[in-house]
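Take a look at the structure below.
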Amino acid sequence: MEQEKELQVGFVGNPNCGKTTLFNAYTGARLKVANWPGVTVEKKEGALKYHKHQFKLVDLPGIYSLTSYTMEEKLTRQFILNSDVDVIVDVADASALERNLYLTLQLIELGKPVVLALNMMDIVRERGMEIDLHRLPEMLGIPCIPVSARKRTGLQILIHTVAHHKEKRRAILEHQHPEREKQSSHRHNHHEEFAMVYNDAIEDKIDELTERMKAAGFESPNYRWHAIKLLEQDAEIMGQVGLDLSDIIDRSYEADIINEKYDFIEEIIEECLVNKQTKAAFTDKVDRLLTHRYLGLPMFLCIMAAVFFLTFFIGDWLKGYFENFLEWISGTVAGQLAAAKVNTVLSSLVVDGIISGVGGILTFLPNIFILFLALAFLEDSGYMSRVAYVMDGLMGKLGLSGRAFIPMVLGFGCSVPAVMASRALEDPADRRRTIFVTPFMSCSAKLPVYVLFSEMFFGKNAMVAAFSMYLLGMVVGIATAFVMSRMESRGKEAAEGGAKKDGSAKETGSAGKDATGQVASCASCKKTCDRREIVNPLLIELPEYKTPNARTIAIYVWEKVRDYLTKAGTTIFIASIIVWFILNFGPKGLVSDMTESFGAMVGKALTPVLATAGIGLWQIVLALISGLAAKEVVVSSISVLFGIGNVSSSAGMGELSTVLAGLGFGALNAYALMVFVLLYTPCVATIAVIRRELKSAKWTAVTIVYQLFVAWLVATVVYQVGRLLL
């Protein structure tokens, strides 16, 4: 049988509709699936073969509309318009059909083949609702396929439909509007051609604009879509067309078009959805507490405290088995090397450098596993999006929207995807502020440092000491955002004042419009908002609470554990070897006294700078420098620097605390060190991503210097104030 050409299929849908889960089910890709917006900020590609058909599947960012306000909307729209997409799979949450159909109508208007994948049909049935799968395709004019990405049902029917719908651009529509059609004075009966038909005034303008574009020689595969975007005063399309259409477009018709779309959606829901009033009472009851105006934030802190309770108590219980295993490996390898009469320098490199450094990090794997398991449970249950909602009021007062809190929460896992998630923010200044504050969040790489020093110096209060780092990181980050927002506001006010003084100020638009004349629209709540009155409005979906999917959690946790193990096998492995070399060699070659090594020389040179922060030991300074490769390296470096085989074991921690105590390093010093690790310059991978996202070497350098200064300042304040009080 002859192989057909590859079909390119774009997966589009609202955030939290299960789009990436469906994409994973087809491609087997191990992409992160999180229950909040802004996770998929880049298109992902995968391959699929079904019978004689070869597919190239593209997972696009989750969006609410094609209005092209946010970065995700722009990326998705450009991809659909400019690439050879054969079929668009519109993934909709069938349990929230009314909200999802707005994007569906916009996709249909693009004129490309669209297949509607009604996902989460299992939830629809659980709520006692039913969708008329015969009437819905009649009203939309496209195939509507029920699927469940979580339970992997309906997948073959969906991909079969995609394969056979690639050439079908037009379907038989049965709107059944005899009264409206009789009342219409429009010259065409568009109800026979298009799913979405507007009132006569708008349809007349669409026809006039179409004729004007054709007469001017503007080529378009879909004149109707271009005409609609012109009526919305879409800046990108108006620039492409380049015609003076002021005699036809006397104002922006975006609000009118939005309202007419929702009128049609209400009609669809009335005819196609049965038992709509059946609601998930459980979600409403829980949200009364978790999203309460005053109790929401304390509840979030309590939940995170519970996460750390599990991370420490269960993680430490599991860690004991790892410690015994690694001690056995270390002893066995040392014995084998001694029996083989291997050179003592090489033996020291293997045992004291590699095994001690890498092994010390691996013992924290149970703590990391429990932390990510808990975070994955919170994400997939639907809670994390509530955190952004709860924080919206506070963040708004500090010059950021609640959406900016999403990258900050992501930062608890890893700063790299957290910085990338800032793309979900529309305002460049908002995005820059978010990138500045995100590295202050306690990523998982910092957890080994917290666990080691809190357990050594704070005993039963170890969990409290570690949890305080997460709170302090949020406080410093939010304070930074506040200061940056106020500085930028004063700068704008000064610039505007100077412009008015020069008589060069201009009107920025009429009421209800921004400087470009565009109305800020909210597709999910059927509202139009004045952008001058609402600064960085939050638009976020609060999905129904659901039982976390075991496969989704397994993928998420495995990805994080694999990254951690990869670091242990690469970055930490190499860093441990480098640290061992600079500690065993000096200007005169191999040294027996570590204080004469290259490492000691570098550490001692920088010690006076950090002495005010209570971390003036050259070994600690050198460990912090090595932490620029990866924060976990701080622990492995300390293990090598102080010559302790398994620093995370009870015996190792006891030995290390004794050595540090002899050097005058106590609990206050340890806490100041934890603060410095929390706030100082992030790892090189994060710096590279910051450089890519900011597209500025200058701002990247400012970020690095600022974070280093803040770390030194806060750690110094903590240490000096602590000395006065204790």
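The values are calculated or read from the model by the stated rules, or taken from the named source; none is laboratory data. A quick note: this is a predicted structure, and the numbers were derived from the prediction, not measured. Virtual Cβ from ideal backbone geometry, glycine too; neighbours counted across all protein chains shown. These accessible areas exclude ligands, DNA and RNA; they are computed on the full protein's heavy atoms, side chains included. Shrake-Rupley method; radii C 1.70, N 1.55, O 1.52, S 1.80 Å.
Return the FRET efficiency for the residue pair TRP558, ASN343: r is the Cβ-Cβ distance, R0 is 45 Å, and the value is rounded to the nearest 0.05. It comes out at approximately 0.70. Model label sites at GLU270 and VAL659, defined 7 Å from Cα along the beta-carbon direction, differ in position by 7.7 nm. Cβ under 12 Å from LEU290's Cβ, LEU290 left aside: what net charge do those residues give with Lys, Arg +1 and Asp, Glu -1? Counting the neighbours of LEU290, the net charge comes to +2. When all protein chains stay in place and ligands, DNA and RNA are ignored, the 1.4 Å accessible-area order of ARG431, ARG99, ARG293, ARG152, largest first, is ARG293, ARG152, ARG99, ARG431. Taking a ≥ b ≥ c as the square roots of the eigenvalues of the alpha carbon gyration tensor, the stretch 643-695 is prolate, as a/c is not under 1.5 and a/b beats b/c.
Label separation (PHE218 vs THR332): 7.3 nm, computed from points 7 Å beyond Cα along the C-beta direction. Across MET238, MET395, MET299, the residue with the most accessible area heads the list, and the full order at a 1.4 Å probe is MET238, MET299, MET395.
Heavy-atom accessible area with a 1.4 Å probe sorts HIS226, HIS164, largest first, into HIS164, HIS226. Going 7 Å from the Cα of GLU192 in the Cα-to-Cβ direction, what parts of the stretch 199-238 have a backbone nitrogen less than 16 Å from that spot? Flagged as within label range: none.
The solvent-accessible area of LYS446, taken with every protein chain present and a 1.4 Å probe, is close to 10 Å².
Extending 7 Å from Cα along the Cβ direction at GLU45 and again at HIS292 yields two label points whose distance is 5.1 nm.
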